[in-house]
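Before any comments, here is the structure.
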Amino acid sequence: MFDFTLFGSVFFTLFVIMDPPGITPIFLALTSGRATKVQRRMALQAAGVAFGVIAVFGICGQQILDYLHVSVPALRIAGGLLLLLIALDLLTGKADEPTQTKDVNVALVPLGMPLLAGPGAIVTVILAVQHADGFGEQTSVWLAIVAMHAVLWLTMRYSLAIIRVIKEGGVVLVTRLSGMLLSAIAVQSVANGVFGFIHGQG
C-alpha cells in the first residue's frame, strides 16, 4: 500500500535540504544573459541532472561510496570547495559573459550537482531507500523524489519572470548576493565535512 506519511516525510525533508526558494536567486544569477529559451532548457537540464544523480545514489549509492572508500564528510568537503569556486566567479563578475559551453556546464555544475543533488540530499535518499520495506514504501519514497524534482523544475522555470521585472541592474545585484549566499553555503558544507571527519575519527 502507498504510504502517505512516508511520502510526506521524504518530500518535505528533501524540500528543506534542496530548498527551491533558496535556489531561485542562484539560478537567476547563473543563467542571466541567456535567451529565455536557453534558460528554460537549463532549468530542465538542472532538474534532470539532479534527479539522475539522486536516482543513481538511491539505487546503489552506499555500494558506490564503499567501493571508492569515500566518506560522507569527504563528499561534503568536495561539494563545498566546488561551490566556493563558483561563488568566487559570481562575486568577481567572471560569470557575466557566458558561452554556449558554459550554458551546458552551469546546468550540470553547479546547478544539477552539488547545489540540487548535494551531499545532504544524497545521504537522505540513500537512507530512505535503504529503510523502505516492501513495494509500497519503495514506491512512496521514489514518488516523493520525483515530486521534489518536479517542484524544483517548476520553481526555476517560472522564476525567469523575475528577470523581466528587476532588469539588468537588478540581475547584477542578484548575482553578487547569490555569490555571497553561495560562498556561505560552501563554507558551511566544508565545515560540516571537517567536523564529520573529526567526530568520525574521535
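All of the numbers you see were taken from the coordinates with simple rules; none came from a lab. From a predicted model like this one, the values you see are computed outputs, not experimental measurements. Positions of Cβ are backbone-derived with ideal geometry, glycine not excepted, and every protein chain shown enters the neighbour counts.
Values as computed for the structure displayed
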{"quantity": "Alpha carbon convex hull of the range 99-174, volume per residue in cubic angstrom", "calculated": "109"}
{"quantity": "Inter-label distance, nm, simple model (7 Å from Cα along the C-beta direction), LEU85/ALA35", "calculated": "3.0"}
{"quantity": "Pairwise FRET efficiency - VAL16 versus VAL70, Cβ, R0 = 30 Å, nearest 0.05", "calculated": "0.75"}
{"quantity": "222 nm mean residue ellipticity, helices alone, for the chain (DSSP H n ≥ 4; -39,500 (n - 2.57); rounded to 500)", "calculated": "-28500 deg cm²/dmol"}
{"quantity": "PHE4-VAL151 FRET efficiency (beta carbon distance; Förster radius 25 Å; 0.05 resolution)", "calculated": "0.90"}
{"quantity": "0 to 90° range, to nearest 10: angle between helix 36-68 axis and the chain longest Cα axis", "calculated": "30"}
{"quantity": "Potential extension, LEU177-ALA78 segment - 0.36 nm per residue separation minus Cα distance", "calculated": "33.4 nm"}
{"quantity": "Enclosed volume per residue, in Å³, of the convex hull spanned by Cα atoms of the chain", "calculated": "117"}
{"quantity": "Isotropically averaged projected area of the range 50-91, using the convex hull of Cα atoms (one quarter of hull area), nm²", "calculated": "3.5"}
